[in-house]
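Asks: Got a structure here, written out as structure tokens. Questions coming.
The values are calculated or read from the model by the stated rules, or taken from the named source; none is laboratory data. Keep in mind it's a predicted model, so treat the numbers as computed, not measured. Ideal geometry is used to build each Cβ from the backbone, glycine not excepted, and the neighbour counts take in all protein chains shown. When the accessible area is computed, the model is the full protein with side chains, heavy atoms only, and any ligands, DNA or RNA have been set aside. Shrake-Rupley method; radii C 1.70, N 1.55, O 1.52, S 1.80 Å.
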Amino acid sequence: MPPAGGTPTSQPRDTVVADFGVAERRSSAVIGFRNVNKDRNRSRIRRLAGAGMAVPLAAALLAGGAGTSAASPGTGPTAVVSMGDSYISGEAGRWKGNSLTNSGSRNGTDRGWVSGSTYDPAKVYGTTAGGCHRSDSAEVRSAGAIADVAVNLACSGAVSDNVFRASNGGIAYKGEAPQADQLAAVAASHNVKVIALSIGGNDLGFADIITDCALDFVLWNSYCYDDQQYGVDQKIDAVMGKVGKSVDEIRAVMRAAGYADSSYRIVLQSYPSPIPRGAENRYTQSDWSRLNTGGCPFWNRDSDWARDSLVPQIANRIKGVAAAKGAQFLDLRDMMQGREVCAKASKQVSSTVPASAKTSEWARWIDNNESQGLIQESMHPNYFGQLAAGRCLALVVAQPASSGFSCKNTAGGDQTGMFLTPAS
């Protein structure tokens with residue numbers, strides 16, 4: 001039976017769930033959980049979020065116009081470098097909003113469309129398609145002319161251990177050296193001015209949180225926030241220790257390359273929420289529209305927890321790490337306010353509603369059947385969201401490096417309407 005009016009009941013988590021009676025499948029983006037047990041469903045839906053925060057790393061670094069000659073600090077082309085995980089690598093940059101249309105260009109949302117029913121994700125992700133997903137619209141590429149060269153070392157699925165130097169516990173990932181070791185090569189050949197870092201989400205198990213909360217909506221008719229909050233509280237101190245070590249590793253690499261700490265800045269950023277508060281969701285929780293149509297299968301109570309407790313908790317702790325390590329803090333918790341998947345203030349793209357940064361959602365919906373692209377893109381800033389994140393980075397770099405800021409959007413505007421407020 002469908003969700004029951006926002007009052008989930010408890011039931012044994014190992015119960016075999018029979019036919020859900022999911023009504024009309026309005027798109028093949030529906031998650032088809034039928035006649036299967038929890039473990040099978042868990043592994044299936046884990047793919048949707050696991051790709052978001054726990055996918056393979058791949059391919060070599062992407063650099064725009066990279067110079068190859070050796071340089072010392074203060075010489076060579078200037079560079080802005082991004083490091084970390086999927087929220088800065090450019091995951092979901094293929095998509096300009098979400099559309100229920102599965103054919104052709106999907107109403108203009110699919111930037112990987114070639115012609116007919118032919119799609120090429122490499123048009124957006126280059127050689128990292130299906131892996132790191134370093135998109136052409138990634139934050140560091142969308143920030144504009146803040147440096148001569150934009151170098152993207154970040155990768156979907158990266159954890160802190162993939163940032164550390166190999167000599168200090170770093171782990172290679174998908175055939176690439178740890179990101180700090182890759183940074184050493186960039187620092188030797190460029191005049192690095194800005195290093196933007198997004199890390200910690202995978203260490204904290206963000207993918208598992210998304211997975212379990214979706215399962216609790218689709219399968220178990222129960223809330224996830226209480227169990228998940230306990231898990232976060234148990235992990236977060238250790239995770240923030242690793243986030244701090246990531247900053248230390250970057251400092252060590254730059255000092256070894258001859259850079260003074262004051263000659264460049266590290267921008268340590270938090271995560272935006274891809275889903276809105278319950279009251280701001282345009283689909284009711286009492287039927288299957290959040291699942292079948294919106295691609296946001298979460299209860300109001302769990303949505304409120306994610307938006308107003310989890311995301312702020314992570315942001316506040318990252319802010320503390322930035323202050324302790326002398327990094328600039330960029331708070332993105334409100335970056336997609338009103339632009340989240342299923343938000344009332346935004347619209348899906350259709351034959352009558354064109355893709356637009358002013359009206360479309362800025363995050364990728366959950367497409368568990370992979371009828372459109374890969375599951376790993378779910379719950380990440382899409383093309384429009386990445387343009388906004390790039391604008392945020394440009395704005396914060398224009399401010400004194402000792403100041404922390406929150407970046408927010410202007411209702412009804414595009415990425416040019418992003419603005420900063422002092423981080424609270």
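Asks: Within segment 236-387, what whole-number % of the accessible surface is contributed by carbon and sulfur, with the 1.4 Å probe and all protein chains included in the calculation? Intermediate values should be presented prior to the final figure.
Replies: Working: 2300 of 4460 Å².
Its accessible area is 52 percent carbon and sulfur atoms.
Asks: Could you work out what % of the accessible surface of segment 85-232 is carbon and sulfur, using a 1.4 angstrom probe and leaving DNA, RNA and ligands out of the count?
Replies: Carbon and sulfur together cover 50 percent of it.
Asks: Can you return the lysines within cross-link range of LYS319? Criterion is Cα-Cα under 19 Å, with same-chain partners fewer than 8 residues away left out.
Replies: Of all the lysines, those that pass the test against LYS319 - Cα under 19 Å, at least 8 places apart if same chain - are LYS235, LYS242, LYS245, LYS408.
Asks: Report the local net charge at SER273: Lys and Arg +1, Asp and Glu -1, summed over other residues whose C-beta lies under 14 Å from its C-beta.
Replies: Working: positive: ARG277, ARG307, ARG333, ARG339, ARG364, LYS408; negative: GLU280, ASP302, ASP304, ASP308, ASP331, ASP334, GLU340, GLU361.
Summing Lys and Arg as +1 and Asp and Glu as -1 gives -2.
Asks: Among 116-122, 205-211, 136-142, how do they line up from the highest to the lowest mean number of other beta-carbon atoms within 10 Å?
Replies: Ranking the peptides 116-122, 205-211, 136-142 by packing returns 136-142, 205-211, 116-122.
Asks: Moving to a separate point now. So what does the Cα-only Debye profile of segment 155-263 read at q = 0.18 Å⁻¹, as log10 I(q)/I(0), no solvent term?
Replies: -0.88
Asks: What is the local net charge at SER424, summed over the other residues whose Cβ is closer than 13 Å to its Cβ (Lys, Arg +1; Asp, Glu -1)?
Replies: Once all neighbours under 13 Å are counted, the net charge is +1.
Asks: Going highest first, how would you order 103-112, 87-96 by mean Cβ packing within 10 Å?
Replies: Those peptides, ordered most packed to least, come out 87-96, 103-112.
Asks: Quick one: Karplus J couplings for segment 213-226, per residue in order, coefficients 6.51, -1.76, 1.60, θ = phi - 60°, nearest Hz, x for Gly and Pro?
Replies: Listing the rounded values in order: 5, 5, 4, 5, 7, 6, 10, 9, 6, 9, 7, 10, 4, 5 Hz.
Asks: Using a 1.4 angstrom probe, figure out how much accessible area segment 284-376 has per residue, in square angstrom, rounded to the nearest whole. Please list the in-between numbers first.
Replies: Numbers: 2780 Å² over 93 residues.
Accessible surface, normalised per residue, equals 30 Å².
Asks: List the lysines whose alpha-carbon lies under 16 Å from that of LYS344, not counting same-chain residues fewer than 8 positions away?
Replies: Candidates past the 8-residue exclusion: LYS358.
Asks: Suppose all protein chains stay in the model; what accessible area per residue would a 1.4 Å probe give for segment 77-162, in Å²?
Replies: 27
Asks: Given H placed on each backbone N at 1.01 Å, which residues far from GLY413 in sequence or on other chains put an amide H within less than 5 Å of it?
Replies: When sequence neighbours closer than 5 places are left aside, there are no close amide H contacts.
Asks: If we sort 322-329, 260-267, 336-343 on the protection proxy, mean other Cβ atoms within 10 Å, highest first, what's the order?
Replies: Highest-to-lowest ranking by the protection proxy: 336-343, 322-329, 260-267.
Asks: Now, a different point. Once the other residues with Cβ under 15 Å from the Cβ of GLY144 are scored (Lys, Arg +1; Asp, Glu -1), what is the net sum?
Replies: Once positives and negatives cancel, what remains is -1.
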